[in-house]
Amino acid sequence: MSLEHWEAIYRKGTIATGPSQTAGNYDMEVRQSWVDFFSNCRPGTRILDVASGNGAVAIIAAETARELGRVFNIHACDLALIQ
(Lines give C-alpha, C1' and ligand atoms only; values in the text may rest on other atoms or scores of the structure.)
Protein backbone atom coordinates (compact mmCIF):
# COMPACT_ATOMS: atom_id res chain seq x y z
CA MET A 1 0.00 0.00 0.00
CA SER A 2 1.11 3.52 -0.66
CA LEU A 3 1.24 6.39 1.78
CA GLU A 4 -1.88 7.80 0.12
CA HIS A 5 -3.77 4.55 0.82
CA TRP A 6 -2.87 4.68 4.51
CA GLU A 7 -3.83 8.35 4.74
CA ALA A 8 -7.23 7.56 3.18
CA ILE A 9 -7.84 4.77 5.71
CA TYR A 10 -7.06 6.98 8.68
CA ARG A 11 -9.02 9.98 7.36
CA LYS A 12 -12.17 7.83 7.45
CA GLY A 13 -11.81 7.74 11.24
CA THR A 14 -10.38 4.25 11.48
CA ILE A 15 -8.00 4.06 14.39
CA ALA A 16 -6.69 0.50 14.11
CA THR A 17 -5.72 -1.53 11.08
CA GLY A 18 -5.23 -4.70 13.11
CA PRO A 19 -7.79 -6.84 14.96
CA SER A 20 -10.68 -4.53 15.64
CA GLN A 21 -14.41 -4.28 15.88
CA THR A 22 -16.53 -2.78 13.13
CA ALA A 23 -16.00 0.72 14.56
CA GLY A 24 -12.33 0.45 13.60
CA ASN A 25 -10.93 0.69 17.13
CA TYR A 26 -8.90 -1.81 19.10
CA ASP A 27 -11.20 -3.87 21.25
CA MET A 28 -11.34 -6.99 23.38
CA GLU A 29 -8.05 -8.81 23.96
CA VAL A 30 -5.86 -6.48 21.92
CA ARG A 31 -7.01 -3.37 23.76
CA GLN A 32 -6.89 -5.11 27.13
CA SER A 33 -3.29 -6.21 26.48
CA TRP A 34 -2.29 -2.57 25.97
CA VAL A 35 -4.26 -1.45 29.05
CA ASP A 36 -2.49 -4.12 31.13
CA PHE A 37 0.89 -3.02 29.78
CA PHE A 38 0.32 0.69 30.44
CA SER A 39 -1.18 -0.02 33.88
CA ASN A 40 2.28 -1.19 34.95
CA CYS A 41 3.91 2.09 33.91
CA ARG A 42 4.88 4.55 36.61
CA PRO A 43 3.72 8.16 36.64
CA GLY A 44 5.93 10.21 34.33
CA THR A 45 6.72 7.27 32.03
CA ARG A 46 7.90 8.47 28.62
CA ILE A 47 6.23 6.69 25.69
CA LEU A 48 7.24 6.99 22.04
CA ASP A 49 4.95 5.42 19.42
CA VAL A 50 6.71 5.38 16.04
CA ALA A 51 4.63 4.57 12.95
CA SER A 52 1.57 5.25 15.08
CA GLY A 53 -0.98 5.33 12.28
CA ASN A 54 -3.92 7.19 13.71
CA GLY A 55 -2.58 6.94 17.26
CA ALA A 56 -4.54 3.97 18.64
CA VAL A 57 -1.83 2.84 21.05
CA ALA A 58 -1.02 6.39 22.17
CA ILE A 59 -4.74 6.98 22.80
CA ILE A 60 -4.98 3.82 24.90
CA ALA A 61 -1.91 4.92 26.87
CA ALA A 62 -3.46 8.33 27.55
CA GLU A 63 -6.82 6.83 28.54
CA THR A 64 -5.15 4.32 30.85
CA ALA A 65 -3.05 7.03 32.51
CA ARG A 66 -6.12 9.21 33.02
CA GLU A 67 -8.15 6.32 34.49
CA LEU A 68 -5.31 5.57 36.93
CA GLY A 69 -4.77 9.22 37.85
CA ARG A 70 -1.31 9.19 36.30
CA VAL A 71 0.44 11.37 33.76
CA PHE A 72 2.55 9.85 30.98
CA ASN A 73 4.72 11.82 28.56
CA ILE A 74 3.37 10.45 25.26
CA HIS A 75 4.69 11.23 21.77
CA ALA A 76 3.46 9.58 18.58
CA CYS A 77 4.46 10.12 14.97
CA ASP A 78 3.57 8.72 11.58
CA LEU A 79 4.42 9.55 8.00
CA ALA A 80 0.72 9.70 7.04
CA LEU A 81 -0.83 13.17 7.04
CA ILE A 82 -4.20 12.99 8.79
CA GLN A 83 -6.36 16.07 8.94
Open item on the list: Going through 44, 53, 24 one at a time, which residue ends up being part of a loop (DSSP other than H, G, I, E, B), at pLDDT 75 or above and crowded, with 17+ Cβ neighbours inside 10 Å?
Closed with: 53
- [ ] Scan segment 56-83 residue by residue and report those that are exposed (fewer than 15 other Cβ atoms within 10 Å of the Cβ), in contact with a Ser or Thr (Cβ under 7 Å, 6 or more places away or on another chain) and modelled with pLDDT under 95.
- [x] 77
TODO: Determine the pairs where a residue that is without any contact (Cβ under 8 Å) to a residue 24 or more places away in the chain, located within segment 60-75, has a partner that is surrounded by 11 or more Cβ atoms within 10 Å (Cβ to Cβ) and among the aliphatic types (A, V, I, L, M) with Cβ atoms under 7 Å apart, the partner being 6 or more residues away or on another chain.
DONE: 62/74
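The values are calculated or read from the model by the stated rules, or taken from the named source; none is laboratory data. Small disclaimer: the values here were computed from a predicted structure and weren't measured. Please note: Cβ atoms are built from the backbone with ideal geometry, for glycine as well, and neighbour counts cover all protein chains shown.
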